[in-house]
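Structure first, then comments.
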Amino acid sequence: MAVNPLDEVMAIGELEKAKRQHRSFHRNRQLEDYNDHTGKAATCSLKTLITSKEQLKVVLLASVFYFLCLLAYTCLANLLIYVDFHNIPKNSPSSPGQAGLPGINESSQLLLYKEEDNFRFRHELYDLGFNMTIDRSDRPWWLKAVFVDSSVMIAQFVAPALLLSYGHTQSYVCYVTLIGLQGLLKGVAQLVTILPPANRGEFCWSFNFSPESLDTIKHGSFSSWFYKPWGTANGCNDMLWSGHTSQTCIGLLFVNNTLRNHNVPLLIRGLVLLYFILYVLSVLMCRMHYSVDVLLASIIAPLLYTHTQLRFSIWWYMNWAVRNPRKAALKASSSSSETQSLTAKEPDEEGPRTFNEGIVASEAREGKCHRASEIMRILSC
């Protein structure tokens, strides 16, 4: 029986459409590896997490990975300072310039900074966000504490504590891993193109560092201070992108998702978005970052958070690394003949069983792929 080429093309298109619909809307988590350890059940809590050896192992590994990333970022941030003072040409806009020169105290620096016709010193770049916000580069304690410092507390402590308290093991593992990865990416990105400090240009170095610290940076060996928190706490041109913003955004997204899963009203969860907006305004007012830093961080963070395949791979490889048992859900349902054939097909396959594979197997088992089967029958004629 001859098949019309146009019908064949249309049939292939319908088959692909059916596959896309299955991937998008019919995900069966019970067929995914390590689903039993995710902590997604309604009965999960901190107690169930603590009593599960498998969940404790993967939580510990993810926490260790996060702290290693934090140490790596500290070294990269200090390396940026070293490059600032030892590799950047003196005539570059990113150069520290005359930072730490004797005889120029803080009051004299403020006067020199405010002289618009003084071209001896390097100022910050032009920024639209700076023109639209009040200049509080003096960073009043209440503004910095309420919005900037508290955001770091929420991202680094409140978000993971909330996830652990509800026993959401998979969310915790994905959270700390994403935070660690974005920190490494930022550490590399800020070294590729070094921007001038956003806070008062080259004067930032004298405001943020003591003369003794600047002398160590200029004349001391990098091996004697690479582990210090100078780059993370006092760095001046660790600009692109804003690590505070991306970390805060990821943390608030996880907090919002957790609250939504526990039926917290949208009106209350909307306060999370309001807080993030106020945080961004505070960062610009304090001249901690350029607008482009905040903008890119606000784009990168949701992209990482919503990257389902990345999060699935993080979860799978973390469990694989600690040798957690695989396919527990499938083995528990061995009474089903179709499930038995599915597990016998690839018993020792290395590599994650993706949620797409689980979708296809689920649809076939439940008899919901009739349309796709009909299309394949037409193509085989």
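Descriptive notes on the structure:
- Using a probe of 1.4 angstrom and keeping all protein chains present, the accessible surface of segment 155-248 works out to 35 square angstrom per residue.
- Of Lys90/Lys186; Lys90/Lys228; Lys57/Lys228; Lys47/Lys186; Lys53/Lys186; Lys47/Lys144, pairs whose Cα-Cα distance is over 27 Å: Lys57/Lys228; Lys47/Lys186; Lys53/Lys186; Lys47/Lys144
- Accessible area of Glu202 in the full protein assembly, 1.4 Å probe (Å², nearest 10): 10
- Extension gain (nm, one decimal) between His307 and Leu267, 0.36 nm per residue minus Cα-Cα: 11.8 nm
- Segment Ala42-Ser92, length gained on full extension (0.36 nm per residue, minus Cα span): 12.2 nm
- Segment 272-327: trypsin sites (Lys or Arg not before Pro) in DSSP loop, at most 16 other beta carbons within 10 Å: Arg323
The values are calculated or read from the model by the stated rules, or taken from the named source; none is laboratory data. Worth saying up front: this structure is predicted, and the values here are computed from it rather than measured. A quick note on method: Cβ atoms are made from the backbone with ideal geometry, for glycine too, and the neighbour counts reach across all protein chains shown. Surface areas here come from the heavy atoms of the whole protein model, side chains and all, with no ligands, DNA or RNA. Shrake-Rupley method; radii C 1.70, N 1.55, O 1.52, S 1.80 Å.
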